[in-house]
Structure formats: C-alpha cells, structure tokens
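Q: For reference, the structure I am asking about is given below.
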Amino acid sequence: MTNLCVSLTESTTEDMLSAMRSLPNHVDMVEFRIDYTPNPDVSALCRNKDRPIIVTNRPQREGGGFEGSEENRLSSLREAAEAGADFVDVELDSVSELGELAGQTRKIVSYHNFSETPANLENVYSRLADADPEVAKLAVMANDITDSIRVFDLLNAHRTELPLIALSMGEEGIATRILSGKFGAFLSFACLDEERSAAEGQVSFREMENLYRFSKIDANTEIYGVAADPVAHSMSPAIHNAAFAELGLNAVYLPLRVKQTRPFLDGYERLGLRGLSVTIPHKQSMVGLMDEVDELTERIGALNTINIRDGHRYGYNTDIAAALDSIERAAEHAGLAPLSDCTALVVGAGGAGRAIAYGLSPKVGRLVIANRTESRAENLAGELNAEWCGLDGMAEYEPDILINATSVGMHPRVEDSPVPREMLRPDMVVFDSVYNPIETRLLREAEQAGCTTAPGLEWFVNQGAAQLEIWTEREAPRKLMTEVVKRELGYGND
Ligand code: NAP
C-alpha cells in the first residue's frame, strides 16, 4: 500500500502539532518540515505524534529553508531519532556525516533536482541505493510531461528492490504524485492546502482523496485524463472522477499538461493510459496519431476523445455530436421539423463555431456563418458551401436556429450579448455555447422573447457524458456530472 504523507510547513511547533491533529485518518503519515519552523521543539514534535512521522530539515542548497550550520542541521535529525521519529530525511550528500541513528528510526535518503529530470536517472538511483537507505527518495523537476514517464519507468524497474519514492515536481509532474499507488511507490506527498505547498505541483490532501481517490489507486487502476495546454483550470477532472466514483470503476482521470502529443501518447499508452479528453491546442494534431477515427472527426479533422483498447487508438468527436443532439432536441421541441427546412445562423467561426457548423451543415436547409473577423466567416463558409456575413449583416437572414459560438457574454462580461434583442422571435431556437454563466444575457432575452433555448451547460455535460460512455460502455451519470459542473462554476446544487 502506498502511504499518503502530508508535508507540514507551519511556523511554530504548536501549529505543526495542531495541523497534524486536524488531519483525517486517510492521511497515513506527516512530514514535519522543520526547516520552515524557526526554533522547532523537535522532541515535542516526535513525542506528540498521532501517526508515523518524517522529520526533514532541508538546507537551502537542496531547496529547503534551513540557513544554519550543517552540524546543527544534522544534530536536529539525530535528536529526532532519539525522540522516536519514525523516519528522518537526509540528503544524499550528507548521509555519510549523519552516522548511525538511535532507536528504530529509519533513514530516507533523498535526491532533489529543481531544474530538470537528469538524463541518467538510473545513475541517480544507483547512488541512492549505494547509500544503503531504508527508503530512497528522488524528486526531480519535470519540464515536460514526458519527464514523468521516465520517473514511472524508474519506479517500475526498482520498486521491489527497496522502498522507493519517485516524484516529478511541477505541473507536468502531477501524475506521478497521484499515480504513486499504481506504480508501487512507498509514499506520495500532499500539501495541507495549495498556499502551503512544500514543493511545486503538490496536490492538497483533500483533493488527493476527494477528487482522485488516492487510497483506492492500485496496480489495476485505469488511467484517463485531459490532454491540454494550459490545463490547470479544466473542470474535466472534477466531472470524470466523480462519474468514475459513482459508477464504482477502478479508474482515475488526470490533468495532463501536454506540449508534444506523440511522445506523450506513446509513453502514457505504454504505462496504461486508456482514454483521453483532448482540447486546445491538440484537437487537430492528435488525429494523425489515431489508428481509426469516427466519421465526424474525419470530416472536421479534429477530435476531442481518444479511446485506447488492445493497443488500438480510436478518435472521436463528441463535441459535434453533443451539440447537434441539443440543437435537434430543442428544434423538435420548438416544432421546427424537418431541419432541412430550417435556416441556421452560427455566430462565431472559432473552434466552437467550426464544430457546430460542420455538424449542422449536412442537416439544415440553409447555413449562414457570421463572424466579427469576416474573413474567418468566409473561409469556414467556403469549406462547407455555406453563406457568410459580418455581425451587422446577420439580422436579415431571419434564422430559425441561432447559435452563439463566440465567447461574448462569458464571465466576467456577463452583460454582453452577441445578438441584438430585436432579432429574437418566439418560434426560434437559440443555442448558446457559453456556459459560464449558465444563464447568459442572450439566453435570458431569448426566453423573454419566447424562444426555445439550449444552454451551453447542456452541451458541456453531454460531450463529457458521451466520452465517458465511449470509455466505459456504461450510461453516464448526467445528473451528477451537471451538479459537479455547477459546483465548479460556483453555483449551488439546486
Ligand atoms: P475561439 O476559437 O477563441 O473563438 C472565439 C470566437 O468568438 C471567434 O469567432 C471570435 O471572433 C469571437 N469573439 C470573441 N470576442 C468577440 C467579441 N468581442 N465580439 C464578437 N465576436 C467575438 O473560442 P471557442 O473555443 O470557439 O469558444 C467560443 C465560446 O464557446 C467560449 O465561450 C467557450 O467557452 C464556448 N465553448 C463551449 C463549449 C461547451 O461545451 N459548452 C465547448 C466549446 C466552446 P473573431 O474570429 O473575430 O476573433
């Protein structure tokens, strides 16, 4: 079993102890980072522990906060051993000076590199192993997500030889913290909260358990994730992890900051990746890495979903299918059948506009693209044999179906609308791509005008639900997924 260890960096001994006592039982260990505590009472920390502890006094040369003499630093670790610490962490370059420890205290011999993942990690591991540690720890900076692949490979190669902690620091290394249990590491570190993180990329202990279900991750856990750059604010981990938990599946969904698609996909597939959500900027470049793609992906040249089964990569576009589904249902509700008799106006010619226009093009009688930058409307219309106009020319088309595929109306400029109120008629369907806020000014005015509306939230949830259904072949818990999105957007559950 891989332990979850919270690193505490409080500034007084009392605060360290009360932070430890506040932690729930699923936190197996704590690390007292006494280099952040001026004048720590080391023996009080050890005597009052309520679970196994590591005492660490990291010097500044290894990225810590301790400024005093080496002799004082190593004395504090010897004192911790005498007072009953379960582990002390000593850096590879100081282990020979530390000498034998009192009692049962075990040595974690550690290596840190805050600038890179060294080319020869095996060499670093050998040096750690030669120091005869009870636990070896290696924490190295990931400058690219492929650096984390080398850390997983090291764990795979050596975890049975001695208890091993191997972590990639930084945003590109988050997967190594969450998946420590899948690869048999001795422990993973978490922080108390993001403001008090002891290392870049540490996830809070609450997120580790509540979001990623760290304690349930084992060798059989299937890996999924969202490949994007940037990825930090993606809501997809919250939605899909909640859905996996609801369905009782041994699977975890990670935020994966990917810069180069091919080496990432090859490496993570080898490690057990089963599926991906793909978003900006990789929707197009991933297509060429698939063995097979669905018809919508083929047509638009962009995918948002990858399913990997038996070494075969399948690409899908659930963005288009989910948007079409919402539009078709709203049109049916509004009595606009058949679609082939309808005029659809897509306002916006970016990623969302392209996807929706491609989806609607074979279905509707007349398709018009309007965009602020008129050349983009003209180009997209040219690809689809559609009509186009600038934003001031759109009213004359009197559309039956109006799509906002611009970001106008999105938080924080919630009082903006891409469409003048006068254009809205009661027999119209109005679809808004924007989902933050859930009720945009456009949707509010469309409802007041008696239109049938389809909110962006429904699109967002449905494209994610369709992904989950591809991966799991189970019905997605749409209600739960909607609640999670609302919660993430700051709305209540009602
Ligand atoms: P994008 O590729 O950056 O395209 C942005 C579009 O908005 C372009 O057509 C742009 O026109 C237009 N635009 C931006 N500011 C404007 C302004 N002040 N006035 C008029 N037009 C303006 O973005 P995207 O990926 O298509 O996303 C567009 C919106 O759809 C976003 O709000 C996004 O959150 C939402 N979306 C929702 C979902 C969902 O699942 N609900 C999925 C995808 C996207 P120019 O070409 O002139 O710059």
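The values are calculated or read from the model by the stated rules, or taken from the named source; none is laboratory data. Quick caveat: nothing in here was measured; it's all calculated off a predicted structure. When we count neighbours, we look across all protein chains shown, and the Cβ atoms used for this are built from the backbone with ideal geometry, even at glycine. Calculation scope for accessible area: heavy atoms of the full protein, side chains included, ligands and nucleic acids excluded. Shrake-Rupley method; radii C 1.70, N 1.55, O 1.52, S 1.80 Å.
Q: So which residues in segment 388-428 are of a type in the set (Gly, Ala, Ser) and part of a helix (DSSP H, G or I)?
A: Result: Gly393, Ala395.
Q: Among the residues in segment 385-401, are any under 33 Å from the mean Cα position of the chain (by Cα) and either under 23 Å from Glu328 (Cβ atoms) or within 10 Å of the ligand (Cβ to nearest atom) (or both)?
A: Going residue by residue through segment 385-401, those that are under 33 Å from the mean Cα position of the chain (by Cα) are none.
For segment 385-401, residues under 33 Å from the mean Cα position of the chain (by Cα) and either under 23 Å from Glu328 (Cβ atoms) or within 10 Å of the ligand (Cβ to nearest atom) (or both): absent.
Q: Test Pro418 against the criterion of being assigned by TED's automatic domain parsing to the domain that holds Gly359 and open to solvent by less than 30 Å² (accessible area, probe 1.4 Å), and give yes or no.
A: Yes; evaluated as a whole, the condition is true for this residue.
Q: Tell me which residues, restricted to segment 58-78, are surrounded by fewer than 17 Cβ atoms within 10 Å (Cβ to Cβ) and over 35 Å from the mean Cα position of the chain (by Cα).
A: If the condition is that a residue be surrounded by fewer than 17 Cβ atoms within 10 Å (Cβ to Cβ) and over 35 Å from the mean Cα position of the chain (by Cα), then Glu67, Gly68, Ser69, Glu70, Glu71, Asn72, Ser75 are the ones that fit.
Q: Take segment 407-439 and flag every residue that is near the ligand (Cβ under 9 Å from one of its atoms), closer than 24 Å to Gly335 by Cβ and free of Cβ contacts under 8 Å to residues at least 60 places away in the same chain.
A: Within segment 407-439, Asp432 is the sole residue that qualifies.
Q: Out of the residues in segment 24-36 that are open to solvent by 10 Å² or more (accessible area, probe 1.4 Å) and assigned to a loop (DSSP other than H, G, I, E, B), which is nearest to Leu187 (Cα to Cα)?
A: Asp28
Q: Additional query: Regarding Asp432, is this residue more than 20 Å from Ala245 (Cβ to Cβ), open to solvent by 30 Å² or more (accessible area, probe 1.4 Å) and either not aliphatic (A, V, I, L, M) or not assigned by TED's automatic domain parsing to the domain that holds Arg329 (or both)? Give the derivation first.
A: On the way: more than 20 Å from Ala245 (Cβ to Cβ): yes; open to solvent by 30 Å² or more (accessible area, probe 1.4 Å): no; either not aliphatic (A, V, I, L, M) or not assigned by TED's automatic domain parsing to the domain that holds Arg329 (or both): yes.
Here the answer is no, as Asp432 does not meet what is asked.
Q: If you don't mind, another one. Check Cys389 against each of (1) within 17 Å of Asp432 (Cβ to Cβ); (2) without any contact (Cβ under 8 Å) to a residue 24 or more places away in the chain and name the one condition it does not meet.
A: Every condition holds for Cys389 apart from (1).
Q: Any residue in segment 313-327 that is farther than 30 Å from Phe264 by Cα sitting within a Cβ distance under 7 Å of a residue that is open to solvent by less than 20 Å² (accessible area, probe 1.4 Å) and near the ligand (Cβ under 9 Å from one of its atoms)? List the pairs, counting only those 6 or more apart or interchain.
A: Going by the 7 Å Cβ cut-off, the qualifying pairs are Asp325/Asn462; Ser326/Asn462.
Q: In this structure, does Phe460 turn out to be among the aromatic types (Phe, Trp, Tyr), closer than 28 Å to Glu222 by Cβ and out of contact with any Lys or Arg (no Cβ under 9 Å at 6 or more places or on another chain)? Spell out the reasoning first.
A: Values: among the aromatic types (Phe, Trp, Tyr): yes; closer than 28 Å to Glu222 by Cβ: yes; out of contact with any Lys or Arg (no Cβ under 9 Å at 6 or more places or on another chain): yes.
Considered against the rule, which asks whether it is among the aromatic types (Phe, Trp, Tyr), closer than 28 Å to Glu222 by Cβ and out of contact with any Lys or Arg (no Cβ under 9 Å at 6 or more places or on another chain), Phe460 comes out as yes.
Q: Name every residue in segment 333-380 that is in contact (Cβ under 8 Å) with a residue 40 or more places away in the chain, part of a helix (DSSP H, G or I) and near the ligand (Cβ under 8 Å from one of its atoms), in order of residue number.
A: Once the filter is applied, which keeps residues that are in contact (Cβ under 8 Å) with a residue 40 or more places away in the chain, part of a helix (DSSP H, G or I) and near the ligand (Cβ under 8 Å from one of its atoms), segment 333-380 yields Gly351, Ala352, Gly353, Arg354, Ala355.
Q: Taking segment 37-57 only, how many residues are open to solvent by 20 Å² or more (accessible area, probe 1.4 Å) and either within 32 Å of the chain's Cα centre (by Cα) or touching a residue at least 40 places away in the same chain (Cβ under 8 Å) (or both)?
A: So the count comes out to 3.
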